[in-house]
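The values are calculated or read from the model by the stated rules, or taken from the named source; none is laboratory data. What you are looking at is a predicted structure, and each value in this text was computed from that prediction instead of being measured. Note that each Cβ is placed from the backbone with ideal geometry, even for glycine, and that neighbours are counted across all protein chains shown. Remember, those area values only see protein heavy atoms, side chains included, never the ligands or the DNA or RNA. Shrake-Rupley method; radii C 1.70, N 1.55, O 1.52, S 1.80 Å.
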There are 2 protein chains.
Amino acid sequence: MRPLTDLSRLSLNQATTQNWSLKQAVDGCARAGIPWFGPWRHKVAETGLSAGAQIIRDAGLKVSSLCRGGFFPAATVAERQARIEDNRRAIDEAAELGTDVLVLVCGPAPDRNIQAAREMVRDGIAELLPYAREHGVKLAIEPLHPMFAADRSVIVTLGQALDIAEQFDAQVGVAIDVYHVWWDPEVYPQIERAAGRILGFHVNDWLVPTPDILLGRGMMGDGVIELRRLRAAVEQAGYSGPIEVEIFNQAIWDADGDAVLTQMCERYLEHV
Amino acid sequence: MRPLTDLSRLSLNQATTQNWSLKQAVDGCARAGIPWFGPWRHKVAETGLSAGAQIIRDAGLKVSSLCRGGFFPAATVAERQARIEDNRRAIDEAAELGTDVLVLVCGPAPDRNIQAAREMVRDGIAELLPYAREHGVKLAIEPLHPMFAADRSVIVTLGQALDIAEQFDAQVGVAIDVYHVWWDPEVYPQIERAAGRILGFHVNDWLVPTPDILLGRGMMGDGVIELRRLRAAVEQAGYSGPIEVEIFNQAIWDADGDAVLTQMCERYLEHV
């Protein structure tokens, strides 16, 4: 497990710098020497899609993925159809921004029947797939930590994400975020199983104690996750693409953005 | 999935009434017509073991389990040995209190190596087992929700708990708490697999949003867990023992204890 020796695979996921506009985040990456960028749709919308895409191109950044599509389950057919429509717009946006990866946060159940909601996720992906293929965008199912099972994603393990992805061709894969999977006794065999379908790898850390359910993620090295071992496993499974740093943490959001990016680069080389 | 028609299997896990002493909790059960009681060691210690056991016996309550042993992983051999000694005391206490079930919360890792800590859990149970057998106390591994993987238990799924339990005879089993397992895509096949090893079943609910990582559990019916379906699965797997209500929730702790027990009985019949 050798350290990374340069920043050539490092990507800033925009969630890490929530208080920056898209332009500020892109400029920050350029100053810090970070070659990849992972935008979020709501931040792109603030700037405008075409203008945002132009800003990223002008800075010479590559786009690692777009966050996020998904949220497939809903109580009615009409609502589920509206979600599909929104996902088609997300695919358009990914294509215009110049990435071939749309990250899917699959959504919660509309009621207590989590099993039925899981079937809605599978069905939603099946319905979305032809449009994604036409536009050259791959769908990356991101299993979320089980503590988000009730409000963000009924897909909560890598094995479960792969059970769905494997029902389709390689246009459907997975995004692996260490925060969501590190606890899983099956994580290493499931990463091995994911070979050929890994579309993204996200890093951050699990703090002890966790300060907040949603905004409690840590900077790499400040927590307990075996980051380098997980990176080695993902590489062993054939993934050599960008590594996004995605940290939801109020204190990091409130800090100086350039200082956060400087620390992020140091910790990436030291811990990932 | 028929409702329960009486309170004959209902147990008050003492964590639900944190502000009550053992005597107050026992008296509360007697007033509410709750026939079972699940004490915690630190509350028993406040009263004294012999006195506490006598209070429970005098009230005619049956003891469903003792919470808790476990916390096996530690950085040094000496520390791990001290944990085993403490678990032996927990077995003594369970026997004196008149229950044959000691619930094990297995503990966190002492460092980033979660896999090594999981082996320490297995080794700790192996070392404890002869003493447990001599004293007629079964060891119930309780898988905790993965959000507690870093600070309370490296054992986070029912499947993983069974992987350990099955290395031993039926003196080692599992305690299934709906809060910890409801999200798991494998929960129903794993409950089926657990047949013959289910030593406890705990109920409460998962609130949306979750107000707190540790103290955010809800009263049955206030959240999203399919309680009755899970009870049916546990019964299908052969479990017909007591059903403990275990709710860590600051608002419930601060409420009037008798009112909590009254609501608990109603919700048990309505939702479990």
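Summary of computed values
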| read-out | value |
| --- | --- |
| Among the residues listed as A:R83, A:R68, the single one being open to solvent by 10 Å² or more (accessible area, probe 1.4 Å), over 25 Å from A:F201 (Cα atoms), outside any loop (DSSP other than H, G, I, E, B) and touching a strand residue (DSSP E or B) at 6+ places or on another chain (Cβ under 8 Å) | A:R83 |
| Criterion (more than 18 Å from the chain's Cα centre (by Cα) and either in contact (Cβ under 8 Å) with a residue 40 or more places away in the chain or within 14 Å of another protein chain (Cβ to nearest Cβ) (or both)) met by exactly one of B:I191, B:I198, B:I114, B:I125 | B:I114 |
| Tally of residues being more than 14 Å from every other protein chain (Cβ to nearest Cβ) and part of a strand (DSSP E or B) across the stretch A:128-146 | 3 |
| Only one of A:F248, A:F168 that is open to solvent by 10 Å² or more (accessible area, probe 1.4 Å), of a type outside the set (S, T, N, Q) and closer than 27 Å to B:V187 by Cα | A:F168 |
| Output for the stretch A:147-163, where each listed residue is within 10 Å of chain B (Cβ to nearest Cβ), in a loop (DSSP other than H, G, I, E, B) and open to solvent by 10 Å² or more (accessible area, probe 1.4 Å) | A:A150, A:D151, A:T157 |
| Near pairs, Cβ below 7 angstrom, 6+ apart or cross-chain, from the stretch A:59-77 (under 14 Å from A:V26 (Cβ atoms) and modelled with pLDDT of 95 or more) to any residue that is open to solvent by 40 Å² or more (accessible area, probe 1.4 Å) and in a loop (DSSP other than H, G, I, E, B) | A:V63/A:G98 |
| Considering residues of the stretch B:201-223 that are under 18 Å from the mean Cα position of the chain (by Cα) and open to solvent by 20 Å² or more (accessible area, probe 1.4 Å) only, the residue farthest from the other protein chains (Cβ to nearest Cβ) | B:L215 |
| Within the stretch B:242-272, considering residues that are out of contact with any Phe, Trp or Tyr (no Cβ under 7 Å at 6 or more places or on another chain) and in a loop (DSSP other than H, G, I, E, B), the one farthest from A:R152 (Cα to Cα) | B:D256 |
| Condition check for A:V178: among the β-branched types (V, I, T), in contact with a Leu (Cβ under 8 Å, 6 or more places away or on another chain) and crowded, with 21+ Cβ neighbours inside 10 Å | yes |
| Subset of the stretch A:253-269 that is open to solvent by 60 Å² or more (accessible area, probe 1.4 Å) and free of Cβ contacts under 8 Å to residues at least 40 places away in the same chain - its residue that is nearest to A:W20 (Cα to Cα) | A:D256 |
| Verdict on A:L230 being outside any loop (DSSP other than H, G, I, E, B), open to solvent by 10 Å² or more (accessible area, probe 1.4 Å) and either in contact (Cβ under 8 Å) with a residue 24 or more places away in the chain or not aliphatic (A, V, I, L, M) (or both) | no |
| Failed criterion for B:L61 (all others in (1) in contact with an Asp or Glu (Cβ under 9 Å, 6 or more places away or on another chain); (2) buried (at least 20 other Cβ atoms within 10 Å of the Cβ) hold) | (1) |
| Criterion violated by B:E119 - all others in (1) within 20 Å of B:Q81 (Cβ to Cβ); (2) away from chain A (no Cβ under 13 Å); (3) of a type in the set (D, E); (4) free of Cβ contacts under 8 Å to residues at least 24 places away in the same chain satisfied | (2) |
| Filtered residue count, the stretch B:7-42, keeping only those that are exposed (fewer than 15 other Cβ atoms within 10 Å of the Cβ), free of Cβ contacts under 8 Å to residues at least 40 places away in the same chain and outside any helix (DSSP H, G or I) | 1 |
| Verdict on B:A45 being over 24 Å from B:E226 (Cα atoms), out of contact with any helix residue (DSSP H, G or I) (no Cβ under 7 Å at 6 or more places or on another chain) and surrounded by fewer than 23 Cβ atoms within 10 Å (Cβ to Cβ) | yes |
| Answer from B:R217, B:R229 - the residue that is over 24 Å from B:W20 (Cβ atoms) and not acidic (D, E) | B:R229 |
| Search result, residues across the stretch A:161-208 that are basic (K, R) and touching a strand residue (DSSP E or B) at 6+ places or on another chain (Cβ under 6 Å) | A:R197 |
